[in-house]
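Below is one structure; the comments refer to it alone.
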Amino acid sequence: MNFITEAVVKAAKSLYQADLTPAEVNLQETRKEFEGQVTLVTFSLTKFSRKSPEQTGNDIGEFLKKEMKDIAGFNVIKGFLNISLSDSYWLDVFYSQVLADDFGAFKPNGKKVMVEYSSPNTNKPLHLGHVRNNLLGYSVATILQAAGYEVIKANLVNDRGIHICKSMLAWQKFGDGETPESSGIKGDHLVGKYYVLFDKEYKKQIDELKVLGQSEEEAKKNAPLIKEAQEMLLKWEAGDKEVIGLWKTMNSWVYAGFSETYKRLGVDFDQFYYESNTYLLGKDIIDEGLEKGVFFKKPDGSVWIDLTADGLDEKLVLRADGTSVYITQDLGTAQLKYDDFHMDESIYVVGNEQDYHFKVLFLILEKLGKSWAKGLYHLSYGMVDLPSGKMKSREGTVVDADDLIDEMEQTAKKRTEELGKVEGFSETEKLQLYHIIGMGALKYFLLKVDPKKRLLFDPNESVDFQGHTGPFIQYTHARIRSVLTKMSLSPLTGGPARLFPEERDLILLLSQFPETIDIAAKEHNPAAVANYVYEIAKAFNKFYHEHSILQAEDEATKQFRLLLSAASGKVIKKGMGLLGIEVPERM
RNA sequence: GGUCCCAUAGCUCAGCUGGAUAGAGCAACAGAUUUCUAAUCUGUCGGUCUCAGGUUCGAAUCCUGAUGGGAUCACCA
């Protein structure tokens, strides 16, 4: 639409001797109820024209119509100049832009970005909250890649600490040698089972101590189980052979379980970091900060940073005994990542309960003068809530990722069978289809919402398969493929003599694909893509309903409609691909 | 209590740097299939954009305050 902006600048110069900047030209899409495709808002131009908004609109409209062949007509309503572009303009957009081989492809921009996501704890299986994180991270990475970045997908695994010792201890005490093989339980679930068991036994001990007269706080500290867990952690840190051995075994169970879930979710990683390797990092950064005077030492030897001038608090960065806290290792890990990849940007996909932490982390790195600190970004997303409130693993109110995927596939199967859509499918094709549709429904459901907003998930109400959903878009794709297989494309012809509104709307929407990718990348927002693809699917279905493709009026129209369908199908497939959602050929 | 985030139709959500009568989907109701897949399409119903001020020719959008909800303010991660 740049050429219209330029033309308006010219018009203002010629009509009013005014020098407009492009930013002063306010163009927007024409609303559906009016004639036209592009609208110029003229209110702000009246100070140059010294005329009414209507008169200004008319002046400029006449000028544009006379000067530009692509402008077929205009109408003025109050301060709005609605411009109609000619069919030949839209056909040109379609044939020369949308159908181009490189449509929607960005040239490499020479920038490297790391997207860290997933970052699970190895003491329990993944739940719905992790699912949102994984889908967001994967999608953002894919979008950035599409926008021209070189992308590194990273996973920082929290594989050590007291919580893992809890699972280990419970298994040691009550497990009786149980393994994933002996029990048939998926590894991450098995370890999770002992994490829950620990908590149960721990609570029992607390209650017993309280009966003996201890306060809640004392009891929590004195319960034998927690003491044992803490001892186990010390042993781990000391490299105790037996503890390390058990730790490795149980973690390997968890990893086997995770990789299965990751596979079903369709996410992957280029680089793994393990906290067992990074938890000691960051101490040299503490020294660096002390030298530079960014940090200061309190009499007890603990190291702090004073962020009160920035509206934050004083923050501990190293304990008095010289051991790390959470932020210490995050400082070290940030440096490690940068040393490994020298990326221009680094995105942390982490829930919004850690907003404060990342604010502090980034601020500290900036104050330390790290040149790369300005490229750090916390992609903060809202929690997934159930109707009953927050998910709590200890209260058993979590939606387990594996169960959820199973249910989605089951629902997809049920719906598909009800509709009788699987004629001619082999058994493996059926399973594939159910997976694609079930995951499509789930992924779309989670990704269509703005990441920063919290998300309500009602397990009792199954995810929709109709309307503004993944399966709706997938279905549209299948429809398109179905038409295309019935007819082969012949070499390009000139196209139809005229366009119907449904065809023009579709071209207009399709032409917005590149800028949609651009916006989604800049905002780190898959929802922008999700909503865009939905618009395409809706517009296509309307077109499909109104106009016959195979029985078109003439051959040129038929070829054009086939190409239009093919282009829509491609954009749907690519767009859904940016969300990590597959589209089927048939459904 | 300090700080941060959120509030749009009964429900779930869009709404781009301020622009027209605030849009979709679900739910409810009424229609469309001798025609390329009806997981579709069309229509009806549904709104004090939480509230009160302010800036502006113009505010769901920007500013201030209030209310409600959430998060966070650990020598936990």
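About its Cα centre, chain A has a charge dipole of approximately 740 debye under the convention of +1 per Lys or Arg Cβ and -1 per Asp or Glu Cβ, with nothing else charged.
Remark: spin-label model distance A:GLU515-A:SER88 equals 2.4 nm, labels positioned 7 Å along the Cα→Cβ axis. Considering only A:TYR138, A:GLY311, A:LEU484, the residue lying farthest towards the positive end of the dipole of chain A is A:LEU484, judged by Cα position with unit charges set on Cβ. With the helix formula -39500 (n - 2.57) applied to DSSP H stretches of n ≥ 4, chain A reaches a computed 222 nm mean residue ellipticity of -17500 deg cm²/dmol. Residues A:GLU345, A:GLU353, A:GLU228 in ascending order of nearby Cβ atoms (within 10 Å, fewest first): A:GLU353, A:GLU228, A:GLU345.
Subtracting the Cα-Cα distance of A:MET383 and A:ASP284 from their residue separation scaled by 0.36 nm leaves 32.2 nm. Using the Cβ-Cβ distance between A:GLU535 and A:GLU218 with R0 = 51 Å, the FRET efficiency computed as 1/(1 + (r/R0)^6) comes to roughly 0.25. Helix A:2-16 axis versus longest C-alpha principal axis of chain A: approximately 60°, rounded to the nearest ten. Spin-label model, A:GLU35 to A:ASP207: label points 7 Å out along the Cα-to-beta-carbon direction sit 7.8 nm apart.
From least to most packed, judged by other beta carbons within 10 angstrom and beginning with the fewest, A:ILE536, A:ILE480 follow the order A:ILE536, A:ILE480.
For the range A:256-385, a/c is not less than 1.5, where a ≥ b ≥ c are the root eigenvalues of the C-alpha gyration tensor, and a/b tops b/c. That puts it in the prolate class. Taking Cα centre as origin and charging only the Cβ of basic (Lys, Arg, +1) and acidic (Asp, Glu, -1) residues, the dipole magnitude of the range A:295-431 rounds to 580 debye.
In the range A:403-578, a dipole from Cβ-located charges (positive for Lys and Arg, negative for Asp and Glu) runs towards its positive end, and of A:GLY470, A:LEU446, A:HIS524 it is A:HIS524 whose Cα lies farthest in that direction.
At a threshold of 8 angstrom on Cα-Cα distance, excluding pairs fewer than six apart, so keeping six or more, what relative contact order does the range A:1-130 reach in percent? Contact order relative to length: 18 percent. For chain A, relative contact order (Cα pairs under 8 Å, six or more residues apart, normalised by length) works out to 14 percent. Sort out for me the Cα centre separation of the range A:218-250 from the range A:110-175, rounded to whole Å. Value for the Cα centre distance between the two parts: 24 Å. Axis of helix A:128-146 versus longest Cα principal axis of chain A: the two differ by about 50°, to the nearest ten degrees.
For the range A:403-578, a/c is not less than 1.5, where a ≥ b ≥ c are the root eigenvalues of the C-alpha gyration tensor, and a/b does not top b/c. That puts it in the oblate class.
Which one of A:GLY351, A:GLY301, A:PRO108 is farthest out on the positive end of the charge dipole of chain A, using unit charges on Cβ (Lys, Arg +1; Asp, Glu -1) and the Cα centre as origin? With unit charges placed on the Cβ atoms, the residue in question is A:PRO108.
With R₀ fixed at 41 Å, the C-beta to C-beta distance from A:LYS10 to A:SER482 puts the FRET efficiency at about 0.30. Computed over chain A, the P(r) curve from all C-alpha pair distances, binned at 10 Å from the origin, holds 3, 13, 19, 22, 18, 12, 8, 4, 1, 0 percent per bin. For the range A:161-267, what does the alpha-carbon gyration tensor say about shape, rounded, prolate or oblate, given a ≥ b ≥ c as the root eigenvalues, a/c under 1.5 as rounded, and a/b over b/c as prolate? Taking the square roots of the gyration eigenvalues as a ≥ b ≥ c, the range A:161-267 is prolate.
Projected label points at A:ASP268 and A:GLN354, each 7 Å from Cα along the beta carbon direction, are separated by 2.5 nanometres. Compared with the alpha-carbon gap, the fully stretched path from A:GLU427 to A:PHE3 is longer by 147.2 nm at 0.36 nm per residue.
Sorted ascending by nearby beta carbons within 10 Å, beginning with the fewest, A:TRP171, A:TRP372 become A:TRP372, A:TRP171. PRE reach from A:GLN172 (point 7 Å along Cα→Cβ): which of the range A:230-271 fall under 19 Å by backbone N? Only A:230-254 pass the distance filter. Backbone geometry of the range A:411-420 corresponds, through the Karplus equation with coefficients 6.51, -1.76 and 1.60 at θ = phi - 60°, to 3J(HN,Hα) couplings of 4, 4, 4, 4, 4, 5, 5, 4, 7, x Hz, x marking Gly and Pro.
Counting only the backbone N, which residues of the range A:455-480 are under 12 Å from the spot 7 Å out from the Cα of A:GLU418 toward its beta-carbon? Those under the cut-off are A:462-466.
DSSP beta bridges confined to chain A are antiparallel in about 50 percent of cases. Using alpha carbons only, how many degrees (0 to 90, rounded to 10) separate the axis of helix A:326-341 from the longest principal axis of chain A? So the inclination is approximately 50 degrees.
Measuring r between the beta carbons of A:LYS200 and A:ASN460 and using R0 = 35 Å, the FRET efficiency lands at 0.85.
Each reported figure results from applying straightforward, stated rules to the coordinates on display, with no laboratory input. Because the structure is a prediction, the values reported are computed rather than measured. Positions of Cβ are backbone-derived with ideal geometry, glycine not excepted, and every protein chain shown enters the neighbour counts.
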